[in-house]
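Notes to accompany the following structure.
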Amino acid sequence: MNINKRVGVLLLALSFFSSLVFADVELKGTVVKLDTAENRLILKTERGEETLLIDKATKGLDIAKEGANVTVKFTEKGGEPKVIEILPQKAETREKAPR
């Protein structure tokens with residue numbers, strides 16, 4: 001395999017693995033508290049209460065009202081979950097059983 005092909009394969013592999021490492025993660029839960037002074041969002045999830053970091057670039061902070069059911073998109077940078085976007089959870093539609 002010549003050097004150009006090796007470099008191409010290496011670049012392709014690096015781009016693939018970096019997208020896996022820095023992929024966004026979604027978390028669903030209920031807002032317990034939005035603390036803009038401490039840059040933290042506290043969610044109640046299936047795993048318990050989780051604290052995530054927010055900043056001025058976080059989208060949807062206006063949606064994060066106490067008691068709101070939300071979906072949070074975040075990444076882990078430096079071992080800390082940093083929120084990218086907060087979205088309202090869509091209401092689940094349940095079909096009624098026929099009587």
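What follows is calculated from the coordinates using simple rules that are stated; it is not laboratory data. Here the structure is a predicted model, which means the values were calculated and not measured. No Cβ is skipped: glycine too gets one built from the backbone with ideal geometry, and neighbour counts run over all protein chains shown.
Some points to look at:
- Tally of residues being exposed (fewer than 12 other Cβ atoms within 10 Å of the Cβ) and either closer than 13 Å to Val83 by Cβ or free of Cβ contacts under 8 Å to residues at least 24 places away in the same chain (or both) across region 50-68: 4
- Members of region 44-80 found to be aliphatic (A, V, I, L, M) and either closer than 17 Å to Lys90 by Cβ or in contact with an Asp or Glu (Cβ under 9 Å, 6 or more places away or on another chain) (or both), listed by number: Leu52, Leu53, Ile54, Ile63, Ala64, Ala68, Val70, Val72
- Residues located in region 69-83, provided they are under 18 Å from Thr36 (Cβ atoms) and surrounded by fewer than 16 Cβ atoms within 10 Å (Cβ to Cβ): Glu80
- Being touching a strand residue (DSSP E or B) at 6+ places or on another chain (Cβ under 7 Å), free of Cβ contacts under 8 Å to residues at least 40 places away in the same chain and over 15 Å from Gln89 (Cα atoms) is a property that Leu41 lacks.
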